[in-house]
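Input: a single structure, listed below in structure tokens.
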Amino acid sequence: MEGNTTPWIIVLVLTGCLALLAAWHRFRTRRLQASLESTKEESEASLSELATESAAQREQIHSDYSIELAAKQPAHDQYVRALSDRHQNDVRGMDHDRRVLVERYEALAKKLDSATNYEQPSRRFILDQCRRLDLNGVLLTNIRFPTPTDDGRYFLHQVDHLLLTERSVTLIENKHWTGLIFDGTLPRGEHRSWKLLFPDLDLGDDFAIQLQRKAETPGQIDVRIVAEDHNARSPRRQAINQAADLRTYLQSLSDCRAPDFIHPAVFYSHSDSYVVATDERLGRRKVDVPVLTTVGNSVHDLLLLRSREPGPSVDVRCIVDALAPQTTDITGFGTFAGSWTSTFT
């Protein structure tokens with residue numbers, strides 16, 4: 001019997017152990033579940049509290065920012081108004097400057113047009129004579145260049161025409177005068193009747209006298225006298241001084257080889273003028289200043305003479321390049337026709 005009961009005892013013991021293990025497992029599971037539920041409730045409570053605190057902080061920050069922004073708003077508005085006022089002032093200033101520049105430009109353009117129209121007849125006449133002689137060169141019209149004065153300032157010179165050929169450089173002072181003109185010779189020397197009008201006139205070596213009808217009163221005559229004694233330089237003296245000053249200016253330019261000499265000349269270019277001039281050298285000067293007119297061959301003869309000028313050749317391109325920025329018009333002729341084309345029609 002004992003041999004038969006032992007297995008049952010073992011079975012009972014194992015069954016009891018299994019029952020104990022099952023009971024312990026149920027207890028452990030319930031305990032863990034209760035702990036998890038407690039932790040979950042605590043977490044939810046913490047999250048709810050954290051969310052409440054965060055919302056309160058956001059509200060406080062927003063409130064503080066609103067208060068700070070409200071405090072700074074007047075200063076900001078004042079700054080914006082100041083910027084707007086300054087911008088408006090700048091706009092008004094720029095508009096004023098623009099109007100001033102436009103007025104200056106229009107005045108300069110009007111003056112330039114007037115000067116250009118004044119020089120056009122003489123320019124066309126000179127170019128026509130150069131082309132008739134088949135010369136090679138360039139004619140520069142209305143040149144402006146500065147020279148220093150004794151007080152440290154600068155004087156702006158204006159040259160009517162500068163004629164460059166391969167053999168010579170000629171500065172031409174253009175006078176578009178009308179009427180009867182005496183250049184370098186007194187009226188009384190032409191006819192004794194003139195002595196009645198100019199009996200004791202002594203103008204020295206350099207002078208010019210113009211007699212022309214008044215436009216508004218055709219029965220009257222205007223008399224113009226240009227001479228050193230009358231606080232004005234004669235056309236020949238103007239040409240001499242400008243030629244010397246222009247050569248000095250070209251010598252001051254490091255990238256330009258100045259000509260050995262610039263020949264001065266005076267051109268009375270108006271077709272309604274009659275010129276009486278001396279062909280002799282003026283007084284004791286050693287500079288010959290030809291007087292040219294549209295009547296006869298004076299321009300033709302001078303160009304022909306200058307085209308045969310002895311001495312070194314002229315660096316035409318160098319001189320033109322140096323004076324181009326200060327020149328209204330540049331016209332090439334002969335072999336230089338393709339290099340410089342006039343802006344005028």
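Proximity of backbone amide H atoms, modeled 1.01 Å from N, is registered between VAL289 and LEU282 at under 5 Å, excluding neighbours fewer than 5 places apart on the same chain.
Close amide H pairs (under 5 Å, H built 1.01 Å from N) link HIS263 with VAL169, THR170, LEU171, residues at least 5 positions away or on another chain. Placing pseudo-labels 7 Å out from each Cα toward the beta carbon at GLU68 and MET94 gives an inter-label distance of 3.6 nm. The base-10 log of I(q)/I(0) for the range 231-345, evaluated at q = 0.09, 0.10, 0.13, 0.21 Å⁻¹, reads -0.31, -0.38, -0.66, -1.49 [Debye formula, identical scatterers on Cα atoms, solvent excluded]. The chain has equivalent-ellipsoid semi-axes of 110, 31, 17 Å, by the square roots of 5 times the alpha carbon gyration tensor eigenvalues, sorted largest first. Magnitude of the charge dipole for the range 123-187, about its Cα centre and with charges confined to Cβ atoms of Lys, Arg (+1) and Asp, Glu (-1), is about 260 debye.
Extension gain, GLU216 to ALA45: 0.36 nm times the residue separation minus the Cα-Cα distance gives 50.4 nm. For the range 60-187, count all C-alpha to C-alpha pairs, find those more than 18 Å apart, and express that count as a whole percent of the total. Here the long-distance tail beyond 18 Å is 76 percent of all Cα pairs in the range 60-187. Across the chain, C-alpha contacts under 8 Å between residues 6 or more apart give a mean separation that, scaled by the residue count, equals a relative contact order of 19 percent. Derived scalar couplings between HN and Hα for the range 254-260 equal 5, 9, 9, 8, 5, x, 5 Hz in order, rounded to whole Hz, by the Karplus curve 6.51 cos²θ - 1.76 cosθ + 1.60 (θ = phi - 60°), x for Gly and Pro.
Here, each number is a calculation from the coordinates, and none is a lab measurement. Remember, predicted model here, so these are calculated numbers, not experimental data. Note that each Cβ is placed from the backbone with ideal geometry, even for glycine, and that neighbours are counted across all protein chains shown.
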